[in-house]
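Comments concern the structure below.
Every number in this text was worked out from the coordinates using simple rules, so none of it is lab data. All of these numbers come straight from a predicted model, not from anything done at the bench. Cβ placement follows ideal geometry from the backbone for every residue including glycine, while neighbour counts extend to all protein chains displayed.
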Amino acid sequence: MRIRLEQISAWDDSNKTKLNDWFIQVVAAINGGMEFGKDTTNENVMCSLVDVVTPATSGTEFSASHGLGRKPEGAWWFRSYAPGEIYFSSATTATSSIIYLMCASASVTGTLVIV
């Protein structure tokens, strides 16, 4: 939906002030106010921070409980202690409580962001 300036100029000053205040809050939330959280607690981004160790054989499926209550859209390393690309398993579909992943490297320890 697009709002034209002519439409806004017809509003009374009270509505313009409310709209301006709302935009200021949105900008503040996006510019520096969004956080993934610390350790395993999320802040204001719906995600789960999960500590994992990938299998000893690269390309082997592993699972992680995420607690999102919905099927996750993706995952990436929040921090890892070795290189290793994470990708979805093609063998098993994620659920509202468990994500199934694979790693291109063996035995990578780290924390995943699951969204």
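Side notes on the structure shown:
- Each residue of the range 90-103 was assigned a 3J(HN,Hα) from its phi angle through the Karplus expression (A = 6.51, B = -1.76, C = 1.60, θ = phi - 60°), giving 8, 7, 10, 7, 5, 10, 6, 10, 9, 10, 10, 10, 9, 10 Hz with x at Gly and Pro.
- Derived scalar couplings ³J(HN,Hα) [the range 15-20; Karplus, 6.51 cos²θ - 1.76 cosθ + 1.60; whole Hz; x for Gly, Pro]: 5, 5, 5, 4, 5, 4
- Distant-in-sequence amide contacts of GLY74, defined by a placed amide H-H separation under 5 Å and a gap of 5 or more residues or a different chain, comprise VAL115.
- Here each label is just a point 7 Å from Cα along the line to Cβ, and for VAL27 and THR109 those points are 4.5 nm apart.
- Under 5 Å from the amide H of SER107 lie the amide H atoms of THR54, ALA56, THR57, each residue being 5 or more positions distant or on a separate chain, with H modelled from the backbone and absent for Pro and chain starts.
- Available extension along the chain between THR17 and PHE62 is 11.0 nm, counting 0.36 nm per residue and deducting the alpha carbon span.
- Peptides ranked, highest mean first, by Cβ atoms within 10 Å: ranges 15-28, 94-107: 94-107, 15-28
- Averaging the sequence gap over all C-alpha pairs within less than 8 Å and six or more residues apart, then dividing by the number of residues, gives the range 48-114 a relative contact order of 52 percent.
- Calculated P(r) tail over 16 Å for the range 48-114, as whole % of Cα pairs: 36 percent
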